[in-house]
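Participant: The structure is given below, and queries will be raised subsequently.
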Amino acid sequence: MTAQALTVTPEAKMRPPAEVMRLARMGASFQTRISFMRRLIRRMHRERWRIERTRFDLDDEGYGTALYVVTTPERCYSLVCFAHYLEPEHRTDRVIAEAWDATFSLFDGVPTDADIDRLAKQTPKQEAGRFQASELVMSRANKSLRLFGRVVDSLAQGGQPDPDAIDAVGYLMRTTAVYANGKFGMADRTRYADRPELAPPYQAEMLTVYLIRGFTLDLVEHLARRRAPDRAVTLDRRLKRHLGIGNATGLGMAPFLVSHPVLIHNWFHARETALAKVRSLEVATPDRRVRFRALLAQAERHVAEWNVDDELQTARIAALREGLRLLTEWTAEGSEIFQGPAPWDALYRRAEGAVSIEGQELLVSLLLEPYPELIDELGEALQVDREEAFDPSMTVAEMRAIVDRHYAWALAVDFGDPRESQYFWYYSTEKIEPRRGARRDEPGAEKEMQIAVARDVQALRVALGERPGDEIMAAFLMRHAELRHVARRVQIGARYAYAEIQDNIIAASCSPIDILRGKLAFFGVSKFDPKSDLWTRITMYQGAPLDDELDRGDADDWCFPVKPVIEPCTSH
Amino acid sequence: MHVSLSEIQTTVCKAAVAVGLPLGLGEDAGRAARWMMASGVGSLAAFVDALDALDKGRSTGFDADRAIAGDFGPKPAGRLLSALRAGPSACDLVASAPSTDLGYGRITLTDVDVPIVILFEALVASADMDKGQCVAWNAGRGGAIEAVCWRGSLALIKGAPEDLLATDSAKITMHLVARKPRGLAITVDRRIQRDAVEIDEATWRRVTTYGDRLLVEATETSRLTGAGAGVIDTD
C-alpha cells in the first residue's frame, strides 16, 4: 500500500507546543483513536475479553448486589455493584454528596463472599470507607431523573423509549467520581502498571465505567421485568448502544494536569506525532479517502445532534457545523485537494485559515481515523511509571538558558496586572476537593496550591539572574529552597516539549473548563455540555459496542455516535 | 490501618508543606517516605518525628555558605538540624560532587534530628545516579551505621536494620561511592510493591492532621464553583 509513503519526516509537520498547549485549543479537543476508551475497547475486542454477570441479587426495587466478572487472557477483574435506596433530599450531582443510587468497586480477581461482605460495608461509604490492595477502582453513580424512570416505564409497558429522549440525555446513570491509584487504601498503580491491559493510562478506570454502563442497562430491564413480568420487553439494542455513562466533571481534574507534566507531554506528543504522520503522507489512497468521507459525514450528523444550553458552546457548535460543511466541500469526490502532494497536510493547512479551532481539532480526530496502522501503536507509551531525575549539577547559566528557551510564554505574563493573579487554587475542607477562589475577595489565598507555573518560573528566573552563572543548582537551591519545585519542573519542561499548559491558570482570563476538556478528550468522552466555565457534563461510551458485541469486526467503529433510527416506538 | 504508598507520598508531602517547608522539599519528603514504607525498613513515625521537630521549633535549617563547602550545621545554633530541610541539599551535593571542586569529599551534617530520613532521601536520589551515596552515623546505643544507596537499592554495610529506628539525633557523614557494594541487604524495587502497608492509626492521624492545615473552609461562594453546582438535580 502506498499510503505510508511520506513526503517529509513527520517531525517537520508537528504542531509546536506554543500552538497546541494553549487553553483555547485544549478547550476545543475531541477524542481520537488513541483516546483511552477507544484503546480499551480495541484491546477487549482483540483479546476477546469475556464479561459475565455472575450475580444479580436485586429486589423488585432494584436494590441489592450484582457482580460482573471480566476474563482477560491473563487474569480476571470483577465489578462489584451495590444498588441502594437514595433519599430524595440526598440526591445531588455534586462530588461532595454522601449517598448515591449505586456504588461500585473494581476488584482485582474474583471476590469471595467474604470480600463482597467487606465491600458491602465500605463501598457505599465511598471516600469515608477504607479499601485494600485488592480493590483497583471505586466509583458511584446516580440515576438520571430525566431518563431512567421513563425507560423503565416504557419497557414495562412493552414498548421502547423515545429515541429522542435517549439522545437528549445520553445515559441512564452518571458517575460523580471515579477514584483509583491508591486513594483510600486501594491498590497503588505500581501494583498493576506492568500488566499490559492496565498499563496505559486510566484503563482500570475506563474498564470500571464500561462495566457500570452494562449494569445500568441490566438494571432498567430488571426493573421493567419485575414490574410487569408478562409484558416487559428488553431495550432495543440500538438504543442500548446509544446510552453511555454520564459524568459531571469540575475543578478537581484541572490541577492534575499541571502536576503531571510528563504524563501530559506523553499524551499530547503522541497525538501530535499521529497527526504529523498523517500530514506527512504523500498521497491519500482512494480507500482512505472513502473512509475519511464516511467519518466526516458521521461527524456532521453527530455535531448536528449536539445541542447544549450554554450560549458560548452553542455558538462554537454553530461555527463547527459551518466548518464541517466546508471540510465536506473541500474533500468531495474529485476535489482538487487530492490532486496535489500531501493532501491531508493541504487540507489541514486550509482548515487552519478558514475553520474555527474546534473545527480544526475535529479535523485532527478525523484525519487519524483512517490510519490505524500508523496511529494505534502511538497509544502504547502514554503512561509514566518513573519519577523524573533532578540534575543538581546543572549550572545557573544552563538553567537560565532553558528557562529563556522553553518558558518564554511564562516570562511574558505581566503579573503587575492584578488580573493575571485574579484567582488562587486550593483544597476545600469539603472532601478535600480542589476549588478556585478570587484572591482578593475570598479567604484562603495563603494556603493556595502551588500550581501557578508562570508565576513560579518568573520568580526562578529573577533569582537565577542574581547568582553567578557557574554556580551549580545544588548550591543555588540551598539559598532558594522555595524554588526547588519549579527548578525541577523547568528541567522536565526542557526535556518534554508538551509538558506545560502554556497559559497562566491563575489569570482572570483562564477558563478551567478548557483544561477539563483537554483531559476529557484524551479519555475519549463526547457530548461536552458545559454548565459554566468551571464544570461540564459529558458522556462516556455512547455508541460503544455492548459487552456481547465486542467480538464484532466493527467493534472499534463507534466514534461520533448518532441517534439510532428505529421504527416508531411506543413511548409513554 | 491499611494505607497505600501513594497516600503516604502525597500525605507526607502535604504535611511537610503544612509545617512550613517549601513544596520542593515536601515532594522529596513524600518520595522518601514512600520508599521507606515500600522497603519494609523503618517506620512512618520517623517522618512524623521530623515534622514534629520542625513544627515545634526544635529543628531548623542550615547555613548555606557553610553547607556549600560540605558542612551542614543547624542555624541558628542550639537547635537540631532538620533532616527534611537539609537532606535534599546534602543529597544534591553528593550527587554533583564529580562536577564540582568538592571531588569525592565527605559531607557532614551535624545534630541531624532524624537520621533515617536522610538515608531514604539518599536512596531516592541514588535511583538515577550511576554512582552510589554512602550515609553513615552513630546511632547511640545501636552503634555505628553505614549504608550505601546504589541505584535505588540499599546495602547496610554496618549495623542492623533495627538500629536504623534509633531516634537519637546524630552527626551524619555522606560521600559518593564509585563501586557497587557487595551483598545488597535491602532492595527497593519500584515496580514490586507490597500489598499492604499497615500503619497505626495514631501515627497516620498525626500526619493527616498536619495536611489538614492546608485546607480552606468551604464557603457559599466556593460551593458554587464545584461540579454540579448551581443545578437543581433533576438530571
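Participant: Quick one: pull the percent of accessible area on the protein assembly as shown belonging to carbon and sulfur, 1.4 Å probe, ligands and nucleic acids left out.
Facilitator: Carbon with sulfur: 50 percent of the solvent-accessible area.
Participant: With every protein chain left in place, what is the accessible area per residue of region A:36-250 in square angstrom, probe 1.4 Å?
Facilitator: Per-residue accessible area for region A:36-250 comes out at 34 Å².
Participant: Continuing with this model, one more query. Give the residue list of chymotrypsin sites (Phe, Trp or Tyr not before Pro) in region A:58-94 that are DSSP loop and have at most 16 other beta-carbon atoms within 10 angstrom.
Facilitator: Sparse-neighbourhood loop chymotrypsin sites (Phe, Trp or Tyr not before Pro): A:Tyr63, A:Tyr85.
Participant: Moving to a separate point now. Angle, helix A:484-495 long axis vs. longest principal axis of chain A, Cα atoms, 0 to 90°, nearest 10?
Facilitator: 80 degrees
Participant: Rounded to the nearest whole Å², what accessible area per residue is found for chain B with the 1.4 Å probe?
Facilitator: Accessible area per residue, chain B: 40 Å².
Participant: Can you compute the equivalent ellipsoid semi-axes for region A:98-171, i.e. the square root of 5 times each eigenvalue of the Cα gyration tensor, sorted largest first and rounded to whole Å?
Facilitator: Largest first, region A:98-171 gives 33, 13, 11 Å.
Participant: Mind ranking B:Arg58, A:Arg33 by accessible surface for me, highest first, 1.4 Å probe?
Facilitator: I get B:Arg58, A:Arg33, largest accessible area first.
Participant: Please calculate how many Å² of accessible area region A:396-495 carries per residue, with a 1.4 Å probe and no DNA, RNA or ligand atoms counted.
Facilitator: 40 Å²
Participant: Could you run the numbers on buried accessible area between A and B, total for both chains, 1.4 angstrom probe, in Å² to the nearest 100?
Facilitator: 4900 Å²
Participant: Which loop GluC sites (Glu not before Pro) in region A:401-483, with loop taken from DSSP, have no more than 14 other Cβ atoms within 10 angstrom of their Cβ?
Facilitator: For GluC sites (Glu not before Pro) across region A:401-483 that sit outside H, G, I, E and B with at most 14 neighbouring Cβ atoms in 10 Å, the list reads A:Glu466.
Participant: A follow-up question, please. For chain B, what D do you get in µm² per second when you plug the Kirkwood radius from alpha-carbon pairs into Stokes-Einstein at 25 °C and 0.890 mPa s?
Facilitator: The Stokes-Einstein estimate is 132 µm²/s.
Participant: Okay, moving on. With the contact rule set at Cα under 8 Å and sequence spacing of 6 or more, what percent relative contact order holds for region B:1-120?
Facilitator: Result for region B:1-120 is 24 percent.
Participant: Still on this structure: When you have a sec, figure out the Kirkwood radius of region B:1-104 from all distinct Cα pair distances and drop it here in Å to one decimal?
Facilitator: 14.5 Å
Participant: For q values of 0.15, 0.17, 0.18, 0.19 Å⁻¹, compute log₁₀ I(q)/I(0) with the Debye formula on a Cα-only model of region A:396-495, without solvent.
Facilitator: For the requested q values the scattering log ratios are -0.68, -0.83, -0.89, -0.95.
Participant: Please compute the contact order of region A:396-495 in relative form: average sequence separation of alpha-carbon pairs under 8 Å and at least six residues apart, divided by the residue count, as a percent.
Facilitator: 37 percent
Participant: Further, regarding this structure: Given Cβ point charges of +1 (Lys, Arg) and -1 (Asp, Glu) and nothing else, what value in debye, to the nearest 20, does the dipole of region A:396-495 about its Cα centre take?
Facilitator: 260 debye
Participant: Kindly give the semi-axes, whole Å and largest first, of the ellipsoid equivalent to region A:36-250, taking each as the square root of 5 times a Cα gyration tensor eigenvalue.
Facilitator: 27, 20, 17
Participant: Rounded to the nearest 0.05, what FRET efficiency is calculated for A:Asp385 and A:Ala228 with R0 set to 41 Å and r the Cβ-Cβ distance?
Facilitator: So the FRET efficiency works out to roughly 0.20.
Participant: Just to compare against my own numbers: the Cα pair-distance distribution for region A:194-353, 5 Å bins, whole % per bin, please.
Facilitator: Spelled out per bin, shortest first, that is 1, 6, 9, 11, 13, 15, 16, 13, 8, 4, 2, 1, 0.
Participant: Let me ask something else. Measuring from the lowest to the highest alpha carbon on each principal axis, how far does region A:1-92 reach, largest first, in angstroms?
Facilitator: Principal axes ranked by extent give 63, 40, 19 Å for the Cα atoms.
Participant: Ignoring ligands and nucleic acids, what accessible area does A:Met540 show with a 1.4 Å probe (Å², nearest 10)?
Facilitator: We get 10 Å² for A:Met540.
Participant: How large are Rg and Dmax for region A:216-297 when calculated on the C-alpha trace, in angstrom?
Facilitator: 22.2, 62
Participant: Over all alpha-carbon pairs in chain A, figure out the percentage whose distance exceeds 29 Å.
Facilitator: Tail of P(r) above 29 Å: 58 percent of Cα pairs.
Participant: Taking the Cα centre as origin and putting +1 on Lys and Arg beta-carbons and -1 on Asp and Glu beta-carbons, what dipole magnitude results for chain A, to the nearest 20 debye?
Facilitator: I would put it at about 120 debye.
Participant: Which lysines does B:Lys158 reach when only Cα atoms under 27 Å apart count, and residues fewer than 8 places away in its own chain are ignored?
Facilitator: Partners within reach: B:Lys131, B:Lys171, B:Lys180.
The values are calculated or read from the model by the stated rules, or taken from the named source; none is laboratory data. The model shown is predicted, which means the values in this text are computed figures rather than measured ones. Using ideal geometry, Cβ is built from the backbone for each residue, glycine included, and neighbour counts are taken over all protein chains shown. Areas reflect the complete protein model, heavy atoms only, side chains present, ligands, DNA and RNA absent. Shrake-Rupley method; radii C 1.70, N 1.55, O 1.52, S 1.80 Å.
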